[in-house]
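Have a look at the structure below, then the notes.
Only the coordinates and a few stated rules stand behind these numbers; no lab work does. Not measured: the values here are computed from a predicted model. Don't worry about glycine lacking a Cβ; one is built from the backbone with ideal geometry, like all the others, and counts go over all protein chains shown.
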Amino acid sequence: MNHTIRFASTPPFYWRGIPSLSTAFLLFCSFVLLLFCSSSCVRKPEIPVPKPKGYFRLTIPVAAYQKWDSVFPFTFNYSKSANLSFYKVENDIYWIDIQYPSLSAMFKMSFVPVKNNLHSLMWNEEEQVLFHVERRMTDDIQYSSISDPNAKMYGRLYELEGKNVATPFKFWFTDSTHYFMKGVLYFEFAPNNDSLAPVIDFLKKDALYMIESWKWK
């Protein structure tokens, strides 16, 4: 007698609570998809990245000038955006500060009487520039000369380029017989000549205008 094999209404391999192969595969895929979605929804903590070092914005003032006259044996014009002060250091040596508050910059100037030591005063300024060269602190140095016999003005200007220079601009001048003046541009922070190029250019023009207006009494 032949037996007709009849399959139950449930799929194969569904016996005693055990799901069939196709159902198990579907459940496994659902479980993997659920894990993937859960992991993708979890926000990973952001690792802070330091920002590159920058410089605060400096607003260049309008070029306007005023005359300075005093008991000193000279007069000159300087910026209306600057504050001028002076004080005695020793003997007849004075320091004159021309400070630009809006630019965090200052021209530090020294007034020295010449007493048979003009060559020494001039050579000292050259040595300071050569120091930058020997220590490789500057990429380039531009020299300019001052020579006006009628006004009794003789001197030199130095433009120092590079990120490690102590100052981007300095100068000295003299009447060759009685007086010697020197000046250095300083910032209240470590200057980056590339970032501060417009500011340095403005201050150099101010210094040149001051020197051109200089008159010995």
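To make sure I understand, if each residue's beta carbon is the centre and we count other beta carbons within 10 Å, what order do 68, 214, 95 fall in, fewest to most? Don't skip to the end; give the middle numbers.
Details: 68 17, 214 20, 95 13.
Starting with the residue having the fewest Cβ neighbours, the order is 95, 68, 214.
To make sure I understand, if each residue's beta carbon is the centre and we count other beta carbons within 10 Å, what order do 111, 72 fall in, fewest to most? Provide the component values of the computation, followed by the final result.
Working: 111 20, 72 15.
Ascending number of Cβ neighbours within 10 Å: 72, 111.
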Charge sum, other residues only, whose C-beta stays under 13 Å from residue 109's C-beta, Lys/Arg counted +1 and Asp/Glu -1: 0
Simple Cβ-charge dipole of the range 66-216, Lys/Arg +1 and Asp/Glu -1, about Cα centre, in debye nearest 20: 300 debye
Net charge of neighbours whose Cβ lies under 15 Å from the Cβ of residue 208, counting Lys and Arg as +1 and Asp and Glu as -1: -1
Set of aspartates and glutamates with alpha-carbon distance to residue 215 below 20 Å, sequence-local pairs under 8 removed: 69, 92, 97, 148, 175, 206
Cα→Cβ-extended label distance, 7 Å offset, between residue 144 and residue 176, nm: 2.1 nm
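Could you give the C-alpha radius of gyration of the range 74-199 expressed as a fraction of 2.2 N^0.38 Å, taking N as the number of residues it contains?
Numbers: Rg = 15.1 Å, N = 126, 2.2 N^0.38 = 13.8 Å.
Relative to the rule-of-thumb radius for its length, the range 74-199 sits at 1.09.
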Cβ-based exposure ranking for 92, 206, in which fewest neighbours within 10 Å come first: 92, 206
